[in-house]
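Below is one structure, written out as structure tokens; comments come after it.
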Amino acid sequence: MSMKLTAKIKLNPTDEQHQLLHETLQTANAACNYISDVAWEQKVFNTYKLHHLCYYDVRERFGLTAQVAVRALGKVADGYKLDKKQKRQFKEHGAFPFDSRILKYRLDTQQVSIWTVDGRKTIPFQAGNRQLELLHHQKGESDLAFVRGEFYLFATCEIDEPTEDDVADCMGVDLGIANIATTDDGERSSGTHTSKVRHRNRALRQKLQKRGTKSARRRLKKLSGKEARFANDVNHCISKAIVEKAKRYTSQTCSSCGHVSKSNRQSQSVFLCTSCGYSAHADVNGAANIGVRGTAAVTPPYVSDADCAGAAKLPSVGHRPTPLASAAPGTISRL
């Protein structure tokens, strides 16, 4: 099975190329609006039928190549798939889809060859390591988008879905504000830094709003969405770290003393704890770890006599931990 992910890359065009990309989006979306007019008047919303109605006319009117005209027809037909009760209008600089016939990635030099109203242009791009990795699996369309004065490509990539691991037990995770996330072993991810950023941004927004100048409004526009992106990044990093921590280490954990280390695993079959010296077959040690965790997960909670006032008293069983499986409000599976 495969899944589709989107790689976001930023184009770094020259001033001349920047203007050409502007004109390209303007022309392509003008063609889309013309096709939408025809579709609305004729009440024809199928891609195949629209192609026969206005393909050659669109190419002649707007100077489009064959594949760009096809993509424009497809964009309009997709716009009417949601409903056909309202006429679709496309923004001047709205995103436009490109496919492999009119856009090519050159990963070795981090450049793209893209169609413009002035022919093919080679434009450098920048992307993070994760995005570059995804681009090796690029398949299908890539949307050219104009966002806050910059041009981006949103590339569709198909990668294999990761295989599921067996779950041994659960990790309890408490979500909050002062501490964004706290795991059941006591590790906390503080929200202090995030709160400071929010307070600082709020004070800056209030200051700029009071000023009310043109430059202040430009600054406010630039700040818009920055805090949300920061918070999303923090949450992503914390959740990724928790998931990594939750993965099973039964093959590296000593079932005798609990010491965890890669060096404990001497070979595929031999386990030797570097802390206490315990030695066993690696599979036997791993099975013992899973058994201990399974037993802990089903241990019943302790109920004190005070909690049972007015009811029949239960025999004292000593203090016992709350089962991990019932930890609230959220749980993350340990893999």
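Restrict the check to the range 266-280 and report whether at least one residue is hydroxyl-bearing (Ser, Thr, Tyr) and either under 34 Å from the mean Cα position of the chain (by Cα) or closer than 20 Å to ASP185 by Cα (or both).
Initial filter on the range 266-280 (hydroxyl-bearing (Ser, Thr, Tyr)): 267, 269, 274-275, 278-279.
Then drop every residue that is not either under 34 Å from the mean Cα position of the chain (by Cα) or closer than 20 Å to ASP185 by Cα (or both), which leaves none.
Within the range 266-280 (the criterion being hydroxyl-bearing (Ser, Thr, Tyr) and either under 34 Å from the mean Cα position of the chain (by Cα) or closer than 20 Å to ASP185 by Cα (or both)), the answer is no, since none of the residues qualifies.
Among the residues examined, ARG198 qualifies as charged (D, E, K, R) and within 23 Å of ALA178 (Cβ to Cβ).
Please report, ordered by residue number, the strands (runs of 3 or more DSSP E) entirely within the range 79-147 with at least 1 residues that are out of contact with any Ser or Thr (no Cβ under 9 Å at 6 or more places or on another chain) and in contact (Cβ under 8 Å) with a residue 40 or more places away in the chain. Before the answer, list the steps.
Details: elements: 96-98, 103-106, 111-116, 119-126, 138-147.
The strands (runs of 3 or more DSSP E) meeting that bar are 119-126, 138-147.
So which of TYR55, TYR34 is closer than 21 Å to GLU141 by Cα and either crowded, with 17+ Cβ neighbours inside 10 Å or without any contact (Cβ under 8 Å) to a residue 24 or more places away in the chain (or both)?
Details: TYR34 fails: closer than 21 Å to GLU141 by Cα.
Only one candidate passes the filter, namely TYR55.
Applying the condition of being hydrophobic (A, V, I, L, M, F, W, C) and under 23 Å from the mean Cα position of the chain (by Cα) to the range 106-135 and asking which residue is surrounded by the fewest Cβ atoms within 10 Å (Cβ to Cβ) yields LEU107.
The set of residues in the range 75-93 being under 14 Å from VAL58 (Cα atoms) and at pLDDT below 95 is empty.
Give the residues of the range 174-197 that are among the aliphatic types (A, V, I, L, M) and either under 16 Å from GLU244 (Cα atoms) or part of a strand (DSSP E or B) (or both), sorted by residue number. Spell out the reasoning first.
Of the range 174-197, the ones among the aliphatic types (A, V, I, L, M) are 175, 177-178, 180-181, 197.
If the condition is that a residue be among the aliphatic types (A, V, I, L, M) and either under 16 Å from GLU244 (Cα atoms) or part of a strand (DSSP E or B) (or both), then LEU175, ILE180, ALA181 are the ones that fit.
Every condition in (1) touching a Ser or Thr at 6+ places or on another chain (Cβ under 9 Å); (2) over 29 Å from GLY286 (Cα atoms); (3) surrounded by 14 or more Cβ atoms within 10 Å (Cβ to Cβ) holds for VAL197 except the one numbered (1). Here is the figure for the range 45-66: residues that are touching a Phe, Trp or Tyr at 6+ places or on another chain (Cβ under 9 Å) and basic (Lys, Arg) total 1.
Looking across the range 136-161 at every residue that is more than 11 Å from THR6 (Cβ to Cβ) and touching a Cys at 6+ places or on another chain (Cβ under 7 Å), the one that is surrounded by the fewest Cβ atoms within 10 Å (Cβ to Cβ) is identified as LYS139. Determine if the range 174-188 includes at least one residue that is surrounded by 13 or more Cβ atoms within 10 Å (Cβ to Cβ), within 24 Å of the chain's Cα centre (by Cα) and of a type in the set (Asp, Glu). Scanning the range 174-188, I find at least one residue that is surrounded by 13 or more Cβ atoms within 10 Å (Cβ to Cβ), within 24 Å of the chain's Cα centre (by Cα) and of a type in the set (Asp, Glu), so the answer is yes.
Within the range 37-49, track down each residue that is within 35 Å of the chain's Cα centre (by Cα), part of a helix (DSSP H, G or I) and touching a residue at least 12 places away in the same chain (Cβ under 8 Å). Quick ask: steps written out before the conclusion?
Of the range 37-49, the ones within 35 Å of the chain's Cα centre (by Cα) are 45-48.
In the following step, the residues that additionally are part of a helix (DSSP H, G or I) were identified as 47-48.
Answer for the range 37-49, where residues must be within 35 Å of the chain's Cα centre (by Cα), part of a helix (DSSP H, G or I) and touching a residue at least 12 places away in the same chain (Cβ under 8 Å): just THR47.
The values are calculated or read from the model by the stated rules, or taken from the named source; none is laboratory data. Here the structure is a predicted model, which means the values were calculated and not measured. Glycine also receives a Cβ, built like all others from the backbone with ideal geometry; neighbour counts cover every protein chain displayed.
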